[in-house]
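Student: My questions all concern the structure below.
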Amino acid sequence: MSHLPYALAAWLLLVGLYGVVTSRHLVHLVLCLSVAQSSTYVLLLAIGYRSGATAPVFADLPLGRPVVDPVVQALVLTDVVVSVTVSALLLALAVDVFEGSGELDPDALDTMRG
Amino acid sequence: MNVLVPLTVAIPLLAAAATAAVGRLVPPAVLDVVAIAVPAATAVLTGILLVDSRRGTIVYWFGGWRPRHGHTVGIAFTVDPIGAGLALFAAVLVAAVSIYTWHYFDETVPLYHALVLVFLGAMTGFSLTGDLFDLFVFFELMGVAAYALTALARTQLAPLQGGFVFAVTNTIAGFLVLIGIALLYGRTGSLNLAQISRSLVAQPPDGLLVVAFALLAAGFLVKAAAVPFHFWLADAYAVAPSPVCALFSAVMSDLGLYALARVYWTVFSGPFGATGSAVRGILLGFACLTMLVGGAMAFLQRHLKRMLAFVTISRGGLFLAGIALLTARGLAGASIAVVGDGFVKAALFLGVGVIARTLRSGDELRLRGRGRALPVVAVTFALGGLVVAGLPPFAGFLGTSLVEESARAVGVGLPVSVVANVSAALAGGAILRATGRVFLGLGPPEDPLFSPEADRTERDELRGTGRIASRAMLGTTAALLAAGLAVGFAPGLRARTEQAAMRLEGRTAYARTVLARAPNRQPAAAPSHVELSSVVDGLVATGGALLLAAASLRRRRATAGSLRRWTWPLRLLHSGHVGDYVAWLVAGTATLGLLVAVAAR
Amino acid sequence: MPERHATDVVTAVVFDYRGFDTMGEEFILFAAAAGTALLMRQTRGGSRGTDPSPASDSLRVLAAPLAGALVVLGVYVAVHGYVTPGGGFQGGVVLAAAPVTVFLAGGAAAYRRLIVGRAIDLVEGIALAVFVAVGLAGLAAGGGFLHDLLPLGKPGTIGSAGTIAVLNDITALAVGAGFLLFFAEFLEEIAPGRGR
């Protein structure tokens with residue numbers, strides 16, 4: 001268990017970023033960004049994990065049982081919301097770009113050279 | 001606890017929510033008043049906090065969650081003079097820009113005001129927080145509001161592209177920061193800066209800390225637009241509406257640098273203390289590169305806003321240099337320059353807005369000679385160019401001189417001085433050249449140094465026939481310029497800013513204040529005065545700027561042609577392609593990481 | 001747990017210990033929704049696409065009970081957020097899925113009969129304003145921003161956890177409204193409503 005989540009997080013990040021760099025389609029780019037973002041979820045949750053512990057909900061647990069770190073889960077929750085909302089905004093931008101130019105290929109969108 | 005602290009963020013956010021909810025039901029005039037009153041009120045609050053925090057850093061725990069048994073649980077705001085000063089600066093600028101936009105846009109939708117208010121709340125929170133994850137949340141909040149505001153002129157392609165590039169690069173920056181935070185949390189179990197600071201003090205800089213630092217630094221440097229993380233800024237600031245650009249340029253970019261300074265000093269200065277000079281060298285390298293690339297590219301632009309965007313990048317390099325020196329004096333110099341330059345940059349962008357509104361263009365060549373009817377803007381540009389070039393005794397010079405002095409004290413005086421003054425000459429020269437061409441009609445009508453670009457101005461800003469610039473617009477432009485000029489004359493500025501800088505850098509005192517509620521001892525600043533060599537440098541740089549501007553306006557075709565060939569590779573790099581920018585981002589982060597790793601061995 | 005009587009510690013962290021972060025995060029949602037609305041409204045020219053072809057019969061048969069089930073699940077997950085796993089965010093998203101299911105089955109017209117566009121803006125804005133107001137109330141009561149105000153109740157029941165409960169439910173509304181805002185804007189692209 002030990003290093004696998006971290007390796008996974010690194011892999012997701014790199015794959016996602018690679019996708020963003022080489023993307024030929026704006027929507028694909030946004031999705032690659034999502035993949036890269038999910039690396040942060042994995043990393044955070046991996047950090048919070050304690051072996052042998054259970055979910056931090058005490059509705060049916062006696063107090064004092066070891067639980068995984070709830071703070072990290074709260075952070076991931078925030079992270080997910082942020083990622084999703086930014087992706088939505090980016091997709092809105094992509095839609096507008098398409099409407100304005102009929103193009104979604106970053107290579108073809110070069111209004112800003114120099 | 002000081003009740004005002006949470007209000008600085010709560011009030012703008014509450015106003016934003018209310019505006020969005022009922023904005024359509026109230027007359028537009030009410031919204032305009034709210035848009036001005038709320039930032040003004042926030043400015044008052046932050047001003048009070050600034051004065052209060054001089055006596056001692058104010059600590060505020062949200063929800064009443066104070067640390068127990070020496071362990072932090074809740075979120076803290078730690079208000080010290082530099083943070084409060086930045087928040088105040090942000091609020092003042094938003095208020096001024098809101099007055100400006102009274103007549104600027106043809107119609108403002110309630111959602112625009114809501115986004116600006118959210119942006120203000122985020123900037124304030126960012127400057128005042130003492131919690132790493134909270135920093136991240138406000139980083140993202142600032143970003144999201146900014147992305148939407150950039151692409152406001154959505155009927156055109158360029159603003160959308162600018163917004164897209166901005167959003168992609170800054171989002172990636174955001175989660176680089178988040179990964180850094182996650183690593184630090186994993187190591188120390190806390191998100192509170194003071195607590196992390198204490199936990200890490202004695203540790204050697206091992207692999208995890210190196211990676212965390214590289215990621216956090218890279219993320220903040222993207223926001224600050226240091227080279228090679230800067231590409232997005234030129235694209236975004238060239239197409240956002242001018243009043244929005246004013247806000248971005250004057251405050252938002254500098255907040256990235258503030259975060260870098262804050263996080264470095266509280267978290268990393270302990271473990272990295274021994275490798276301090278290596279870290280200094282690395283960051284200075286990025287700073288010098290930024291100053292030069294920014295200055296050079298500024299000089300090559302014919303589009304006024306894009307030119308100012310590169311000026312912003314170049315000045316940002318100067319601020320980064322001040323921070324990179326890792327001294328109180330350097331940080332003080334950067335702070336003074338941030339405020340002084342910030343007012344001036346804002347005034348310049350607002351001036352460009354006036355030009356766009358009345359003359360319906362943003363292109364230097366097309367505007368040649370047509371600016372004679374706008375004396376206020378002409379003066380703004382002329383004085384602005386001089387201040388940016390470093391004319392004594394204004395704030396740009398003052399900041400640069402402090403940075404130079406500090407550089408000399410740590411042995412890198414010559415390279416820093418040369419780069420700072422050359423880049424100031426380039427940046428100031430670009431502005432002065434534009435002044436000459438637009439307002440005085442100097443220079444040839446065609447200039448081969450510029451590439452033959454299409455006019456990229458945003459038509460939404462230019463709707464309608466050329467209008468007379470309203471008094472509000474001219475008034476705020478002039479007022480901001482005046483503020484920028486006045487900053488250099490504030491009494492005791494050097495000493496007080498240096499004291500504030502020492503406070504920010506005082507890691508152990510910070511931790512003690514936050515965790516143990518011990519009062520701050522005020523460190524005394526070493527007495528200092530402006531050195532003659534700095535004055536000479538400032539005058540030389542200003543002279544250089546004027547010379548460059550004049551030379552550029554008189555140039556013969558042959559030299560222009562060869563210059564164009566030399567600068568062509570640099571321009572090619574700024575391709576407008578988001579994938580390229582992200583590739584540079586990754587490369588820059590990796591380089592930073594490798595350099596720090598080598599240094600820390 | 002003993003301090004706030006909230007058995008789901010994650011939700012307690014989200015709305016109490018780190019409640020201020022959550023407030024910031026909700027405003028991120030708000031800003032993105034406002035930005036999307038700002039970007040996508042008023043851009044549209046004439047109608048572009050037609051309503052996607054009607055769904056198959058089996059989908060329509062399933063949609064109504066599914067939508068209903070989603071509402072119940074959403075409310076349950078949201079309201080019980082501090083007792084059992086779940087919470088305002090999770091519940092809010094599930095709630096938002098219900099009208100989307102209606103769209104899948106009945107097309108844009110059915111969706112629009114259900115959700116009045118502008119009302120969503122109102123809900124979103126008000127929900128967020130209430131969140132901040134709760135924080136300010138804590139301030140006014142002398143306890144610090146977002147300090148707990150309400151009686152804590154018995155742990156393990158809906159009536160527990162004081163202010164966490166209020167913030168949690170408000171969040172569900174804000175998140176649900178926010179997601180529907182996004183959905184509605186994108187829907188306008190492919191199936192423009194009349195009279196826009």
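Let's see how each residue does on (1) β-branched (V, I, T); (2) under 27 Å from B:Q499 (Cβ atoms); (3) at pLDDT below 85:
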position: B:V338; (1), (2), (3): yes, yes, no
position: B:F349; (1), (2), (3): no, no, no
position: B:I355; (1), (2), (3): yes, no, no
position: B:T358; (1), (2), (3): yes, no, yes
position: B:G362; (1), (2), (3): no, no, yes
position: B:V379; (1), (2), (3): yes, no, no
position: B:V387; (1), (2), (3): yes, yes, no
position: B:G390; (1), (2), (3): no, yes, yes
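Student: Of all residues in region A:96-114, count the ones that are more than 7 Å from chain B (Cβ to nearest Cβ) and either modelled with pLDDT under 75 or in contact with a helix residue (DSSP H, G or I) (Cβ under 6 Å, 6 or more places away or on another chain) (or both).
Tutor: The total comes to 3.
Student: Just need a number here: residues in region C:171-180 that are more than 9 Å from chain A (Cβ to nearest Cβ), buried (at least 24 other Cβ atoms within 10 Å of the Cβ) and not polar (S, T, N, Q).
Tutor: Here the count works out to 5.
Student: Right, another one. Being in a helix (DSSP H, G or I) and within 11 Å of chain C (Cβ to nearest Cβ) is true for just one of B:V137, B:V177. Which residue is that?
Tutor: Just a single option satisfies the conditions, and that option is B:V137.
Student: Let me ask something else about it. Looking at (1) modelled with pLDDT under 80; (2) in a helix (DSSP H, G or I); (3) crowded, with 16+ Cβ neighbours inside 10 Å, which is the only condition B:N520 fails?
Tutor: Among (1) modelled with pLDDT under 80; (2) in a helix (DSSP H, G or I); (3) crowded, with 16+ Cβ neighbours inside 10 Å, the lone unmet condition for B:N520 is (2).
Student: Scanning for something part of a loop (DSSP other than H, G, I, E, B), buried (at least 24 other Cβ atoms within 10 Å of the Cβ) and not acidic (D, E), does region B:216-225 turn up at least one residue?
Tutor: yes
Student: Hey, another quick one. State whether one or more residues within region B:155-162 are within 11 Å of chain C (Cβ to nearest Cβ), buried (at least 24 other Cβ atoms within 10 Å of the Cβ) and under 26 Å from A:A108 (Cβ atoms).
Tutor: Among the residues of region B:155-162, at least one is within 11 Å of chain C (Cβ to nearest Cβ), buried (at least 24 other Cβ atoms within 10 Å of the Cβ) and under 26 Å from A:A108 (Cβ atoms), which makes the answer yes.
The values are calculated or read from the model by the stated rules, or taken from the named source; none is laboratory data. None of the values given here were measured: they were computed from a predicted structure. Note that we place each Cβ from the backbone using ideal geometry, even for glycine, and neighbour counts take in every protein chain shown.
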